[in-house]
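Following: one structure in structure tokens, then a few remarks.
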Amino acid sequence: AVPNITPWTKSTCAYCGVGCGLEARPKSNGQLEIRGDKDHPANYGRLCSKGMALGETVIPDGRLLHPSISGVRTDWNSALDHVAKSFQETIAEHGPDSVAFYVSGQLLTEDYYVANKLMKGFIGSGNIDTNSRLCMSSSVAGHKRAFGTDTVPGCYEDLELADMIVITGSNLAWCHPVLYQRIKAVKELRPEVKVVSIDPRVTDTCEVADLHIALQPGSDVALFNGLLSHLASCQKVDEHYVQEHTEGYNRALMHALEDGCNADALAETLGVRLDDLKQFFDWFAHTEKVVTLYSQGVNQSSRGADKVNSILNCHLATGRIGKPGCGPFSLTGQPNAMGGREVGGLANTLAAHMELDNPYHHQLVSNYWQTDNLTATAGYKAIDLFDAIDRGQIKAVWIMATNPVVSLPDADKIKRALTHCPLVVVSDCIADTDTTRCADVLLPAQGWSEKSGTVTNSERRISRQRRLLPTPGEGKPDWWIMCEVAKRMGFGHAFNFLHEGEVFDEYARMTGLDYSNDQLQVNRDLDLTGLSGLSTKEYAQMPPQQWPVPQKATRIEHKRLFADGRFFTPNGKAQFVAVRYKAPASKLSNKYPLSLNSGRIRDQWHTMTRTGLSTRLGAHLPEPYISVNQTDAELYGLENGKIAALSNEWGYARIRVDVSSKVAPGQLFMPIHWTGVMASAGRVCSLVSPDTDAVSGQPEFKFTPVAIKPW
Ligand code: SF4
């Protein structure tokens with residue numbers, strides 16, 4: 001064989017929020033050779049099965065290659081004219097809130113920035129939300145309530161420095177595999193490190209755990225309120241820290257005691273053994289260096305923000321935050337959910353971590369963007385946004401890099417809403433998805449390995465995604481597509497970016513705006529001044545870098561924030577949030593007696609448009625399934641390997657039964673990946689309830705009442 005002498009290019013994985021660095025080079029067959037980047041601090045050379053298989057997935061099969069209007073191929077100019085004119089006409093007739101963007105954690109930060117600037121700053125509506133709403137908006141809300149800003153305090157290195165790692169609401173082994181590998185390596189090196197997995201299911205993550213707390217779905221607030229009560233009762237609260245650096249402790253403790261002062265009653269509420277509960281509380285109380293990792297099991301809940309704050313409360317009470325080996329740690333699901341948060345991808349935020357409801361921020365952003373049209377009000381959050389489309393209130397929507405007909409709850413309603421919406425524009429790199437089937441206008445976007453820009457991972461680390469291959473067909477960068485529409489809508493002066501580096505520079509400069517006179521937020525967390533003014537070459541070569549980056553000269557890593565006990569609240573103190581346990585919004589009933597949980601599997605990603613191209617990845621779990629406990633299988637007459645019918649008030653699915661002791665009686669689990677495009681497979685989201693958290697708007701993907709019977 002001829003040796004491949006093409007140089008390696010550094011980039012970042014396309015999938016989860018670990019944000020692993022990789023190196024790639026083209027192969028003679030058009031695919032890519034991939035290896036982990038040994039220098040990248042997220043993974044130090046490790047990659048999981050999905051990352052390793054990326055090279056096999058860069059094939060032209062199934063790609064959206066050309067723009068089209070009403071199913072007829074057209075040229076870019078006509079498509080862009082049509083989108084701009086249709087949006088303008090809709091706005092002229094019905095006002096700016098009659099249009100919306102629904103964007104994605106798959107977008108690069110530069111794409112996200114332009115989308116947010118166009119909708120909020122120039123169209124003048126807050127109606128831009130993102131599928132990151134489904135991923136981490138409860139964490140955003142929890143962070144802001146406790147810290148004043150949406151700030152992740154720690155870094156991955158804390159996993160190596162901790163003496164106890166709590167993994168709650170996360171099958172880390174499948175969903176953030178490289179972090180799981182890091183924890184496994186810690187256990188091999190220091191077996192005395194305690195690992196606790198808190199999850200209603202037995203998952204592969206339990207293999208590394210010393211203790212598994214299989215709590216009842218949705219009871220997390222009760223558990224962490226019990227922990228706070230225990231810390232108080234055994235004098236393990238850091239009184240000095242609480243006094244000097246926080247507010248609201250007494251009220252939060254009062255609430256916690258109501259849920260958690262009676263350990264026997266608490267164990268019963270949680271459905272766990274009293275001894276296990278005591279063991280967890282005892283380890284937490286007596287271990288100084290504790291990291292609590294949490295993910296979708298916490299966030300994707302009608303009580304998600306309260307769950308987050310119940311965890312943050314325990315870390316604030318012990319002062320275990322901002323110190324090596326300590327801290328609460330929210331893991332983002334998508335590769336750039338964090339970057340989207342930074343540039344205002346959520347309907348209720350402005351770019352650069354500024355706030356829509358802060359008049360000082362509003363003025364700063366208006367001045368910076370030189371616009372009189374910046375919206376002053378938040379737009380619809382994801383679920384409400386599609387409800388507004390369904391009601392006919394939103395008449396034109398542009399969906400970018402996401403497939404809401406599969407991924408949003410009550411998915412059949414989403415399909416109905418899009419079918420009736422007068423204008424649906426979809427920009428994507430894939431031709432045939434459940435959502436592209438609903439589109440009036442299709443715009444081909446570049447995919448991973450073709451596009452160039454930045455992403456931010458769960459530990460606030462900004463990394464470059466680099467162009468590795470030419471784009472098939474006529475695919476364009478998302479930021480470019482939006483700029484071209486903006487120009488045609490008359491906003492050209494603000495969207496004259498020549499390349500993605502110019503977009504990044506505008507965003508980085510924005511984080512340096514002076515808000516020292518702001519009464520609501522005296523300090524900034526997100527400061528990228530040190531990354532502004534980069535030359536084209538510097539941007540191209542930018543190494544992975546955690547924010548904040550206040551100075552260009554030093555580029556010192558800020559691994560941890562809040563080390564000095566100062567938070568981004570007006571008085572600099574963190575806020576305890578008093579929370580009480582409440583059961584999930586939808587209740588089990590005689591008609592729908594089982595709770596349906598949903599999540600990822602190890603080797604697939606979202607709706608499988610990329611991972612589905614790899615035979616290797618497809619071999620892991622080749623078809624959708626529903627995990628059912630033996631007790632329920634007998635009760636409902638189900639047989640392993642046979643097809644079952646699931647139903648509830650929102651929808652229906654047919655799916656193969658997997659009788660498994662990994663789910664408890666009364667609970668079911670179904671993966672999220674399969675779609676209506678794939679014959680005979682039920683979409684889990686056609687069953688998932690549209691209940692959302694009242695604070696964050698994040699949907700409840702982990703608890704939906706359903707009925708099951710043989711098909
Ligand atoms: Fe990619 Fe996540 Fe796997 Fe890392 S852990 S290789 S970011 S999917």
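The values are calculated or read from the model by the stated rules, or taken from the named source; none is laboratory data. All values reported here derive from a predicted model rather than from experimental measurement. Positions of Cβ are backbone-derived with ideal geometry, glycine not excepted, and every protein chain shown enters the neighbour counts.
What to note about this one:
- Residue check for Ala317: crowded, with 24+ Cβ neighbours inside 10 Å and more than 18 Å from the chain's Cα centre (by Cα): yes
- Matching residues in the range 263-284 - criterion: being more than 26 Å from Tyr180 (Cβ to Cβ), surrounded by fewer than 20 Cβ atoms within 10 Å (Cβ to Cβ) and touching a residue at least 24 places away in the same chain (Cβ under 8 Å): Ala263, Thr269
- Residues being basic (Lys, Arg) and either in contact with an Asp or Glu (Cβ under 7 Å, 6 or more places away or on another chain) or surrounded by fewer than 22 Cβ atoms within 10 Å (Cβ to Cβ) (or both) - total across the range 431-455: 1
- Failed condition for Ser458, given (1) hydroxyl-bearing (Ser, Thr, Tyr); (2) part of a helix (DSSP H, G or I); (3) under 30 Å from Cys155 (Cβ atoms): (2)
- Subset tally (residues that are among the polar types (S, T, N, Q) and assigned to a loop (DSSP other than H, G, I, E, B)) for the range 426-443: 2
- Residue within the range 224-246 that is under 29 Å from the mean Cα position of the chain (by Cα), of a type in the set (Phe, Trp, Tyr) and part of a strand (DSSP E or B) present: no
- Qualifying residue in the range 329-340 (condition: closer than 24 Å to Ile123 by Cα and β-branched (Val, Ile, Thr)): no
- Selection of the range 526-552 for residues being aliphatic (A, V, I, L, M) and under 17 Å from Thr511 (Cα atoms) yields Leu526, Leu528, Leu531, Leu534, Val549.
A quick yes/no check of all residues on (1) touching a Pro at 6+ places or on another chain (Cβ under 7 Å); (2) hydrophobic (A, V, I, L, M, F, W, C); (3) surrounded by fewer than 22 Cβ atoms within 10 Å (Cβ to Cβ):
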site	(1), (2), (3)
Thr607	no, no, no
His620	no, no, yes
Ile643	no, yes, yes
Ser647	no, no, yes
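Each row is one residue, and each column tells you yes or no for (1) over 23 Å from the mean Cα position of the chain (by Cα); (2) within 11 Å of the ligand (Cβ to nearest atom); (3) surrounded by fewer than 16 Cβ atoms within 10 Å (Cβ to Cβ).
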| position | (1), (2), (3) |
| --- | --- |
| Cys20 | no, yes, no |
| Arg25 | yes, no, no |
| Glu33 | yes, no, yes |
| His40 | no, yes, no |
| Asn43 | no, yes, no |
| Cys48 | no, yes, no |
| Ala53 | no, yes, no |
| Val58 | yes, no, no |
| Pro67 | yes, no, no |
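- Subset of the range 376-422 (residues that are farther than 20 Å from Asp693 by Cα, in a loop (DSSP other than H, G, I, E, B) and of a type in the set (D, E, K, R)): Arg391, Lys395
- Condition check for Tyr15: within 10 Å of the ligand (Cβ to nearest atom) and assigned to a loop (DSSP other than H, G, I, E, B): yes
- For beta carbons closer than 7 Å, sequence separation of 6+ or different chains, a first residue in the range 454-466 that is more than 13 Å from the ligand (Cβ to nearest atom) and a second that is at pLDDT 95 or above and basic (Lys, Arg), the qualifying pairs are Thr454/Arg464; Arg466/Lys10.
- Residues within the range 58-89 that are of a type in the set (Val, Ile, Thr) and in contact with a helix residue (DSSP H, G or I) (Cβ under 7 Å, 6 or more places away or on another chain), tallied: 3
- Lys184 fulfils the conditions (1) part of a strand (DSSP E or B); (2) within 16 Å of the ligand (Cβ to nearest atom); (3) of a type in the set (D, E, K, R) except for a single criterion, (1).
- Residues that are in contact (Cβ under 8 Å) with a residue 12 or more places away in the chain and either in the same structural domain as Leu613 (by TED's automatic domain parsing) or among the β-branched types (Val, Ile, Thr) (or both) within the range 71-83 comprise just one, Val83.
- Some residue of the range 2-25 being within 18 Å of Trp398 (Cα to Cα) and in contact (Cβ under 8 Å) with a residue 24 or more places away in the chain: no
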